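Q: Dropping a structure here in structure tokens format, bear with me for questions.
The values are calculated or read from the model by the stated rules, or taken from the named source; none is laboratory data. All values derive from a computational prediction rather than experimental measurement. Heads up, the Cβs are rebuilt from the backbone with ideal geometry, glycines too, and the neighbour counts pull from every protein chain shown.
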């Protein structure tokens, strides 16, 4: 995947160079020019230049600090290091699930999570060992996950979709509980474990309704923002699933939550898509 990404994740300059090379190749190909001339078509030999508006970078508010980042990268992971999150949720009752072979990996992850300086108070989790079979994993979840459990972290021995789906189906449908899955191989490199543990901490905190950071939005009393997305499931007959976190059924609850935090109702509801539908 890393080798493939060098060809698919291109910078704007690389895209421009490739498009120019493509146009030049077409202009030098006699067969292509003959076909285009039949339809009285032609391509410019250079891309069209447009003057666009460059927006300033947002100021990120995190804890008691505010900082800026390089808008060309849209990445502030370095700036946020060592800072407590805006709102951190204490994790008092949670489970860390692993196979016997990955017991050492699980303990390394737990030690590193306690060192992540983001302000999350972690109690020691209940260690849940399971046999490396889908049925055994489901049985362990059914036996150990109760109403008091805030979070379940599952270390998977391999990137197996069936086991991942098994965990998510049970913890999202049958026994709604926030969960975090991670492949053991991802945790096997000591030099990157702190970075991975930091990302896991952020995701766990967000799944428990914590807030990692915020930006200045002067219109918070005027509108409510609702995000939509589309998920592709290749194995299904209808592969595209469109979801809306505050759907028609959940919209009244979303408005009540908005009123609880802002003490007013929005005059507008803005819906935007995070992917092409």
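Q: Look at region 58-74 and say how many of its residues are in a loop (DSSP other than H, G, I, E, B) and modelled with pLDDT of 85 or more.
A: Final tally of qualifying residues: 5.
Q: Looking only at residues that are part of a helix (DSSP H, G or I) and under 18 Å from residue 139 (Cβ atoms) in region 173-205, which one is modelled with the highest pLDDT?
A: The qualifying residue modelled with the highest pLDDT is 174.
Q: Any idea how many residues of region 144-164 are in a helix (DSSP H, G or I) and either outside the structural domain of residue 200 (by TED's automatic domain parsing) or surrounded by 12 or more Cβ atoms within 10 Å (Cβ to Cβ) (or both)?
A: 3
Q: Cβ-Cβ below 6 Å, separation at least six or inter-chain, first residue in region 2-28 and assigned to a helix (DSSP H, G or I), second surrounded by 12 or more Cβ atoms within 10 Å (Cβ to Cβ): which pairs?
A: Pairs that qualify, where the first residue is assigned to a helix (DSSP H, G or I) and the partner is surrounded by 12 or more Cβ atoms within 10 Å (Cβ to Cβ), are 23/43; 26/32.
Q: Quick test for you: out of 84, 117, 71, 56, pick the one residue that is in the same structural domain as residue 201 (by TED's automatic domain parsing) and within 30 Å of residue 216 (Cβ to Cβ).
A: Result: 117 is the single residue among 84, 117, 71, 56 that is in the same structural domain as residue 201 (by TED's automatic domain parsing) and within 30 Å of residue 216 (Cβ to Cβ).
Q: Here is a further query. When the residues of region 243-258 are narrowed to those that are at pLDDT 60 or above and surrounded by 12 or more Cβ atoms within 10 Å (Cβ to Cβ), which ends up nearest to residue 165 (Cα to Cα)?
A: Here the answer is 244.
Q: Name the pairs whose Cβ atoms lie under 8 Å apart, with the first residue in region 48-60 and in contact (Cβ under 8 Å) with a residue 24 or more places away in the chain, the second outside any loop (DSSP other than H, G, I, E, B), and 6 or more positions between them or separate chains?
A: 58/215; 59/66; 59/67; 59/215; 60/66; 60/67; 60/214; 60/215
Q: Scanning region 126-136 for residues that are in contact with a helix residue (DSSP H, G or I) (Cβ under 6 Å, 6 or more places away or on another chain) and not in a strand (DSSP E or B), which turns out surrounded by the fewest Cβ atoms within 10 Å (Cβ to Cβ)?
A: 134
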